[in-house]
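Please treat every number below as a calculation from the coordinates, not as lab data. Remember, it's a predicted structure, so these values are computed and weren't measured experimentally. FYI the Cβ positions are ideal-geometry reconstructions off the backbone, even for glycines, and counts take in every protein chain you see.
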Amino acid sequence: MNRESEWLWVDPIIGSRRISNFCWAFILLFGSLGFFFVGLSSYFGKDLIPFLSSQQIFFVPQGVVMCFYGIAGLFLSFYLWCTILWNVGSGYNKFDKKEKVVSLFRWGFPGENRRIYINFFIKDIQGIRMEVQEGIYPRRILYMKIKGRQDIPLIRFGEKLTSREIEEKAAELARFLRISIEGL
């Protein structure tokens, strides 16, 4: 967490512009283009891309299926590239003790509600809650409990933090806001 002063704490949130998303977008794009061009090559009877042979593939049914998978992959790749371009999920958590206000800001998908902005008073915070689930897909999430509202996640669901790192984040924030921690 980035602490700017004794009164103000700003925690930047990384959105979808992560290395893993770029890798998956490239893999999806090139893989789906490969499937699509092999399907088209089976239709025309000649290889459109020299290193992707389609000599033993009949257009019906294999070529049609490969074209379908290629088109579906292109749509998924387009969606992933759009989320990267718009940086969906990025933003910040701002805790201002001088104004006694907490501001949470996130970028969403383009449209009327692209800017997601939540404000509430520090006095309404009941505590910080940690959710830790170990296993094949471990889940470590930090929530803020607020009076009369649903618990608000403070970090991304896909953020890879160890149990120790999430405990340290929770302890620092609880110490800064002078509130309690649940789930340790």
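Quick look at the values:
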item: Cleavage-rule hits (chymotrypsin sites (Phe, Trp or Tyr not before Pro)) in the range 92-184: DSSP loop, at most 12 neighbouring Cβ within 10 angstrom; result: Phe157
item: Gain on full stretching of the segment that runs from Val65 to Asn87 - 0.36 nm per residue minus C-alpha separation; result: 4.7 nm
item: Exposed trypsin sites (Lys or Arg not before Pro) absent - longest run of the chain, DSSP non-H/G/I/E/B, at most 14 other C-beta within 10 Å; result: 47-97
item: Whole-Å distance, taken between Cα centres, linking the range 81-121 and the range 2-59; result: 27
item: Among 47-58, 30-41, the order from most to least packed when residues are scored by Cβ within 10 Å on average; result: 30-41, 47-58
item: Net length gained if the chain between Ile14 and Gln55 were fully extended (0.36 nm per residue, minus Cα distance); result: 10.2 nm
item: Label-point separation, Arg178 to Leu76 (7 Å along Cα→Cβ), nm; result: 5.1
item: Taking the chain and dividing mean pair separation by its residue count, relative contact order in percent (alpha carbons under 8 Å, at least six apart); result: 17
item: Asp47/Phe26 FRET efficiency (R0 30 Å; Cβ-Cβ; nearest 0.05); result: 0.85
item: MRE, 222 nm, helices only [DSSP H, n ≥ 4, -39500 (n - 2.57), over the chain, to nearest 500]; result: -12000 deg cm²/dmol
item: Amide proton proximity set for Ser90, modelled H, under 5 Å, gap of 5+; result: Gly15, Ser16, Trp107
